[in-house]
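To start, the structure itself, in structure tokens.
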Amino acid sequence: MRLSSVSRIKWLTIGLILAAFVALVVPPPHHRETRSESCHLCGNRRIIVRDYRWWKLSSEHTEAVVQFPIADDHEHNWWQYGSSYVSFQKKSASSQAARYRDGRMTWTP
């Protein structure tokens, strides 16, 4: 008794379906994440940029957006008000309604 064999076209179709599934479900190996943060106590803001290569963190750096003078004993109370994600598959961004935790868009000393 002979088992029915699967034709080449069926194997190709199965392979294409699996490849499409992997491309849609598995996160891309290279992507960039950014976080925008602010301190409502002193008004300072920063952006943290993280680059990933092969799903591992390859670099991280912090950029100051706005810098106000602070007291020596000040401890920042960072609050994330925005973020973004960029890869070859998708781009997304999100933002809070306010730039500072206390509901303001601007900070005045």
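When the residues of the stretch 31-57 are narrowed to those that are out of contact with any strand residue (DSSP E or B) (no Cβ under 9 Å at 6 or more places or on another chain) and of a type outside the set (Phe, Trp, Tyr), which ends up farthest from ALA71 (Cα to Cα)? Residue satisfying both the conditions and the ranking: LYS56. Selection of the stretch 40-75 for residues being small (Gly, Ala, Ser) and assigned to a strand (DSSP E or B) yields SER58, SER59, ALA64.
Results for (1) within 22 Å of the chain's Cα centre (by Cα); (2) in a loop (DSSP other than H, G, I, E, B); (3) among the small types (Gly, Ala, Ser), shown as yes or no for each residue.
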| position | (1), (2), (3) |
| --- | --- |
| SER83 | yes, no, yes |
| ALA98 | yes, yes, yes |
| ARG101 | yes, yes, no |
| ARG104 | no, yes, no |
| THR108 | no, yes, no |
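For the stretch 48-61, a tally of residues being surrounded by fewer than 14 Cβ atoms within 10 Å (Cβ to Cβ) and closer than 25 Å to GLY103 by Cβ returns 0.
A short reminder: the numbers here are calculations on the coordinates, not readings from a lab. This structure is a prediction, so every number in the text was calculated from the model and none was measured. Heads up, the Cβs are rebuilt from the backbone with ideal geometry, glycines too, and the neighbour counts pull from every protein chain shown.
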